[in-house]
Amino acid sequence: MSLAIRLHTTTTHLNPRTPINKKKLKNHLYITKFPSKPNSYSNPFATQFISSKKMSSLVVKSSLIDPDGGSLVDLMVSESSMGSKTLEAESMPKVKLTKIDLEWVHVLSEGWASPLKGFMREDEYLQSLHFNFLRMGDGSIVNMSLPIVLAIGDEDKERIGGSPDVALLGPDGDLVGNLRSIEIYKHHKEERIARTWGTTAPGLPYVEEVITPAGNWLIGGDLEVLKHIKYNDGLDNYRLSPQQLRKEFDKRQADAVFAFQLRNPVHNGHALLMNDTRKRLLEMGFKNPILLLHPLGGFTKADDVPLDVRMEQHSKVNVANFHILLALLGLLPDLTDKDSVNAQVLEDGVLDPKTTIVAIFPSPMHYAGPTEVQWHAKARINAGANFYIVGRDPAGMGHPIEKRDLYDPDHGKKVLSMAPGLEKLNILPFRVAAYDTVGKKMAFFDPSRAKDFLFISGTKMRTYARTGENPPDGFMCPGGWEVLVKYYESLQTEDATPKAAVSST
């Protein structure tokens, strides 16, 4: 399987697309070249293929890439202005946020959605919904495939009236921030759902949780955040902002950062892919590629493994890494000697803590396939990643009412290789990994002996854990598997407890 590396160039002239002999594609790398500015009269996605033997002669931009818009957005109010902004909020109409609204405030406040400076106004919303990008004042574009919007009801709209600003209250009623120079416009739910998911079939998790019960209006404006978003779940120290991550990459003198998003437990196939990616980057001439292992931490559907369980499982893969990171950030005053921290035991030895950063990405999950994977990639640009690993059916799910995938499993990586506004990001498709029954380990799939390989899906993995059946040796590190088994055992205990209580009354 070849790696796809997309290079940002300053070329303004593009050659016509050349027909490619697909039989020769296997041992080639492909590079997509883009003009420095979008040209509506030319195809910016002309693809050239070159032999992997010439890879050493390529010049790849190695420095951390600029955030979208040129600088990271930081919507936290300064300490000097906090008092006056809080006082002003007292006289403003109030809008109460849901838990998922608050997750979006978190995303916006730290600059994950840069250059967006608040919940979208209508022109931003329509560009995002219909074009998957925003056009900047200078004519350039930035990718923005998911609308980031705040819904309100009829009563909220009437209460706001003609006020130019509103105060935002958290789910518990505490003051979170202000929304300035607001614009209220109609929330066309069916259009939003159809454009984002490509279907209006019932059973889409984010739609049922967020959009269906939401109000009939959207309110946009410039966001001022008055308090750092904390969840007090024991995981807040993992929630590193784009600014913190960029500083950490600089401290480690990274010349390449490759991001890997996941919402499932890590198995040895994932680790194989991540380690292989680093090996390939080293072969390309990079000296210190750093892995950003970046599990999604916002809303997920009910049958996904919860964040706290996933993070405990990840820690078994890379337990020492988090302590190293805290020490480097100066958050562990008792562990100032980096060498002593590095000496901590990496429990199962799957990933190298010196070249891995584990952090939480605070975004909610849409399960919107190729549309959503653009958002995931764009946000990692803002965090400083210049390479993004993409696999089979990214951000996808099973069709909610039919027995099939909702999206073509290859469309996500194909869309990323063409998405407007993502030209500066290098896309790294997965090599296919499966369980090698002969070698008794996760390995890259070899078609010449296909019968020796076992594909263990996420569903099958969860079934193993629920039933207490162990997966084949070498599929997942023992400590990580134990975490999953205990989680599903706890669910069975919870399910049995109410029944026992009912029978005793």
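The values are calculated or read from the model by the stated rules, or taken from the named source; none is laboratory data. Please read all numbers here as calculations on a predicted model, not as lab measurements. Cβ: placed from backbone, ideal geometry, glycine included. Neighbour counts: every protein chain shown. These accessible areas exclude ligands, DNA and RNA; they are computed on the full protein's heavy atoms, side chains included. Shrake-Rupley method; radii C 1.70, N 1.55, O 1.52, S 1.80 Å.
At-a-glance table
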{"quantity": "Cα-centre dipole for region 79-225 with unit charges at Cβ (Lys and Arg positive, Asp and Glu negative), debye to 20", "calculated": "320 debye"}
{"quantity": "Sequence ranges 472-485, 231-244, 383-396, ranked by mean other-Cβ count within 10 angstrom, highest first", "calculated": "383-396, 472-485, 231-244"}
{"quantity": "Taking the convex hull of Cα positions in region 382-505, its mean projected area over all directions (nm²)", "calculated": "12.7 nm²"}
{"quantity": "For region 79-225, accessible area per residue (1.4 Å probe, heavy atoms of protein chains only), Å²", "calculated": "42 Å²"}
{"quantity": "Fully extended contour minus Cα-Cα distance, from residue 79 to residue 231, at 0.36 nm per residue", "calculated": "52.6 nm"}
{"quantity": "Label zone at residue 185, where the point sits 7 Å out along the Cα-to-Cβ direction: region 192-235 residues whose backbone N lies under 18 Å", "calculated": "192-196, 215-223"}
{"quantity": "Sparse-neighbour loop sites [chymotrypsin sites (Phe, Trp or Tyr not before Pro); region 244-287; at most 10 other C-beta within 10 Å; DSSP]", "calculated": "none"}
{"quantity": "Square roots of 5 times each gyration tensor eigenvalue, C-alpha, region 151-212, largest first, Å", "calculated": "27, 15, 10"}
{"quantity": "Full-stretch length increase - residue 467, residue 485 - with 0.36 nm per residue and alpha-carbon distance subtracted", "calculated": "5.6 nm"}
{"quantity": "Range of Cα positions in region 79-225 per principal axis (Å), largest first", "calculated": "45, 37, 26"}
{"quantity": "Subset of 301/486; 230/301; 230/403; 378/486; 414/486 violating a 30 Å alpha-carbon distance limit", "calculated": "230/403; 378/486; 414/486"}
